[in-house]
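One structure below.
Nothing in this text is a laboratory measurement; each read-out follows from the coordinates by a stated rule. Model, not experiment: these values are computed from the prediction. Ideal geometry is used to build each Cβ from the backbone, glycine not excepted, and the neighbour counts take in all protein chains shown.
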Ligand SMILES: Cc1cc2nc3c(=O)[nH]c(=O)nc-3n(C[C@H](O)[C@H](O)[C@H](O)COP(=O)(O)OP(=O)(O)OC[C@H]3O[C@@H](n4cnc5c(N)ncnc54)[C@H](O)[C@@H]3O)c2cc1C
């Protein structure tokens with residue numbers, strides 16, 4: 001990365017790199033590098049390996065069991081873990097509801113929920129979007145009505161990532177239908193095993209099952225599971241989105257996939273020579289590498305200036321990060337050539353070996369390309385991010 005790093009920063013990077021290279025179990029690494037599907041246990045296993053090392057909550061303050069690392073350390077950690085083929089850290093507990101509970105949760109909520117996030121004893125999911133309420137989130141309709149010491153929740157959430165594994169959902173609900181849309185929203189912590197919760201899979205282009213519809217029918221949520229105050233949920237929701245966007249550039253993912261791309265191009269043959277030696281291919285790979293370097297420099301600047309919490313620059317990071325991820329997937333598919341199709345979903349769940357990406361991973365390149373279409377939609381679409389940049393950065 002940056003050549004002007006201090007000796008301490010270099011030492012930290014070496015420490016993380018050594019740990020990640022030795023710490024990621026080979027079979028997990030093989031699955032990640034070959035773009036195979038990860039199951040619940042795969043994620044939980046990696047979180048627990050980190051927790052054993054004391055690194056289970058890299059972005060949290062020490063008082064809640066975190067590392068207390070600064071923004072640069074967190075960035076180094078992300079990149080080195082991704083490069084070593086580690087699964088991504090689940091954001092729903094660590095980067096989303098965790099920080100909200102630290103700032104707005106009751107002492108009882110903090111005590112009950114925060115420690116269980118670190119080892120994924122509770123798997124959280126995000127219940128924000130609804131049919132018709134994505135970019136326009138404040139129009140959400142899921143209703144919560146007070147009945148004694150419970151709320152009774154009715155409605156539908158959609159695109160809920162990995163809800164099939166979730167124990168809990170942080171859920172935005174409407175508690176006042178008369179007020180302005182933003183004023184009548186509350187945030188509830190909803191037990192996914194409650195009667196009335198139904199999770200239905202949404203199959204995506206790549207044949208995978210990452211997202212779901214969640215139906216809520218007369219689900220009873222104890223009043224003690226209200227976050228903060230009733231009808232103030234929009235404030236907490238925005239605070240959470242600010243944390244969601246900090247990691248959204250996907251720098252670690254970009255570095256890892258650049259390595260995968262180069263290895264694929266070294267193995268693929270063109271005219272009897274490795275494709276990697278083709279000047280046009282080298283040019284295209286170099287362009288992406290330069291884009292990644294520019295993204296990294298922007299992230300480092302944000303880390304240095306704001307303690308790592310981006311303002312409207314988050315929208316620039318989001319757009320560039322998602323576009324680069326799509327470019328990488330596109331070029332991987334081109335390198336795989338006709339082998340990228342037909343796509344065999346069975347292969348995605350097959351046993352992986354530890355030889356890293358081989359020619360067989362061409363089979364995953366088509367799926368990876370289809371999967372990466374999502375990056376310009378989730379966490380706020382590119383069009384919406386451009387609107388934010390126009391208003392808040394360009395003053396238009
Ligand atoms: C893979 C994936 C995972 C997701 N995971 C979750 C999750 O776990 N939890 C959750 O709550 N949600 C999740 N989402 C939902 C995500 O947040 C929404 O899809 C996103 O906010 C867009 O909303 P929408 O799909 O309703 O599209 P819409 O808001 O209906 O947008 C449709 C189109 O209109 C454009 N548009 C909308 N408003 C504007 C505007 N003001 N200016 C210019 N163009 C505009 C959009 O850019 C888009 O092209 C996920 C989505 C995906 C794809």
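Can you list the equivalent-ellipsoid semi-axes of the chain, largest first and in whole Å, using the square root of 5 times each Cα gyration tensor eigenvalue?
Computed over the chain, the values are 36, 23, 21 Å.
For the range 268-339 and the range 52-114, write down the distance between their C-alpha centroids in whole Å.
Using only Cα atoms, the two centres lie 26 Å from each other.
Taking the highest mean first, how do the peptides 159-171, 283-295 order by number of other beta carbon atoms within 10 angstrom per residue?
159-171, 283-295
Could you put 113, 19 in order, starting from the residue whose Cβ has the fewest other Cβ atoms within 10 Å?
In order of increasing Cβ crowding within 10 Å: 19, 113.
For residue 304 and residue 269, calculate 0.36 nm times their separation in residues minus their Cα-Cα distance, and state this gained length in nm to one decimal.
Values: separation 35, 0.36 × 35 = 12.60 nm, distance 4.33 nm.
Stretched fully, the residue 304-residue 269 segment lengthens by 8.3 nm.
State the extension gain, in nm to one decimal, for the chain segment bounded by residue 339 and residue 38, taking 0.36 nm per residue of separation less the distance between their alpha-carbons. Don't skip to the end; give the middle numbers.
On the way: separation 301, 0.36 × 301 = 108.36 nm, distance 2.27 nm.
In short, 106.1 nm is gained.
Please list log₁₀ I(q)/I(0) at q = 0.18, 0.19 Å⁻¹ for the range 50-141, using the Debye equation with identical point scatterers on the alpha-carbon positions.
-0.88, -0.94
Give me the extension gain from residue 293 to residue 149: residue separation times 0.36 nm, minus the current Cα-Cα distance, reported in nm with one decimal. Show your work: numbers first, answer last.
On the way: separation 144, 0.36 × 144 = 51.84 nm, distance 5.35 nm.
Separation in residues times 0.36 nm, less the Cα-Cα distance, equals 46.5 nm.
Quick one: of the DSSP bridges fully inside the chain, what percent are antiparallel, nearest 5?
85 percent
Just grab the label-to-label distance for residue 15 and residue 215, each label 7 Å out from Cα along the Cβ direction, in nm (one decimal).
In this crude spin-label approximation the distance works out to 5.2 nm.
Per residue, how big is the convex hull around the C-alpha atoms of the range 1-58? Give it to me in cubic angstrom, could you?
103 Å³
Report, in deg cm²/dmol and to the nearest 500, the calculated mean residue ellipticity at 222 nm for the chain, where each DSSP H run with n ≥ 4 adds -39500 (n - 2.57) and the sum is divided by the residue count.
Counting only the DSSP helices, I get -14000 deg cm²/dmol.
What is the spread of the Cα atoms of the range 39-87 along each of their three principal axes, largest first, in whole Å?
For the range 39-87, the Cα extents along the three principal axes come out at 29, 22, 15 Å.
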